[in-house]
Each structure stands twice: as C-alpha cells, then as structure tokens.
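The values are calculated or read from the model by the stated rules, or taken from the named source; none is laboratory data. The structure displayed is predicted, hence computed values, not measured ones. Because the Cβ atoms are built from the backbone with ideal geometry, glycine has one as well, and the counts that use them run over all protein chains shown. The accessibility values were calculated without ligands, DNA or RNA, using every heavy atom of the protein model including side chains. Shrake-Rupley method; radii C 1.70, N 1.55, O 1.52, S 1.80 Å.
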Amino acid sequence: MAEGVRLRAAVVFVRNLDTSVSFYRELLDLEIVDDSTTATLLGSADGSQLVLRAFGDNAARALGSIGVQYLAWSTGSREDLDRRAEILRRHSAYRETREDEETIVVEGRDPDDLPIM
C-alpha cells in the first residue's frame, strides 16, 4: 500500500435500507459484511467500506448542509467506468458524463438523490 492517508469508509444515511443496499452492491461491486435492521456495512476486497444507515422514508436531506455532499469513486479502466454508467442508466440514476484531457467523470444519483461521481 502506498504511503499516506486514504479514505477507509463512508457513512450514508438513507431512507430505504434495502433499496440502497441493492443499488450500491450492484454499482460498486460491494458485498454485505454485516447488517442489522437499521444499518448495513458493505465492503470490497481492497478494504473500502460503505455504511448505509436507515433514517426512514420521511428523513430530510438539505443539499448544501453540513456533511457529505457527494461520494466519489474511481475505476481501473474506461470499460469499467462505462459499465457502471450503464448500471446508473438502468436505475434511471445517470445524469451526465464530463471529460477533459486527463479525467472522465460520470455523475449519477443514488436512491435518495445523493450525487455519486
């Protein structure tokens, strides 16, 4: 592993736990590591973790408030990025693809309208 600090885990509050678990498992190739009735820990082989915590169908989330504004993930190839963009399209969650000389960004939304890049 390279020297330095890296993000180990993210926690996302969600309205519907089952819907969000299904979405993130498919989109990010994550497996269920642990779960309860109110939270699920998803993980990958490289040790990255995503905790989804249910807050209920009426939970509010104001964009621009304190806290995570979006989640950003990376892929190892353009083909893998295109595959994940297609997953977003199947979920009606795809927003756009932006490209410059060095970076390609696919933007989508999760089931609670949280931006994913």
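For segment 30-47, which positions are within 23 Å of E86 (Cα to Cα) and either out of contact with any helix residue (DSSP H, G or I) (no Cβ under 9 Å at 6 or more places or on another chain) or open to solvent by less than 80 Å² (accessible area, probe 1.4 Å) (or both)? L30, I32, L42, G43, S44, A45, listed by residue number. Residues in segment 92-113 that are in a loop (DSSP other than H, G, I, E, B), at negative phi and not charged (D, E, K, R): 3 in all.
So which residues in segment 36-56 are part of a strand (DSSP E or B) and within 18 Å of D112 (Cα to Cα), if there are any at all?
Answer for segment 36-56, where residues must be part of a strand (DSSP E or B) and within 18 Å of D112 (Cα to Cα): A39, T40, L41, L42, L50, V51, L52, R53, A54.
Summed over segment 68-117, the residues that are buried (at least 16 other Cβ atoms within 10 Å of the Cβ) and over 16 Å from L28 (Cα atoms) give a count of 1.
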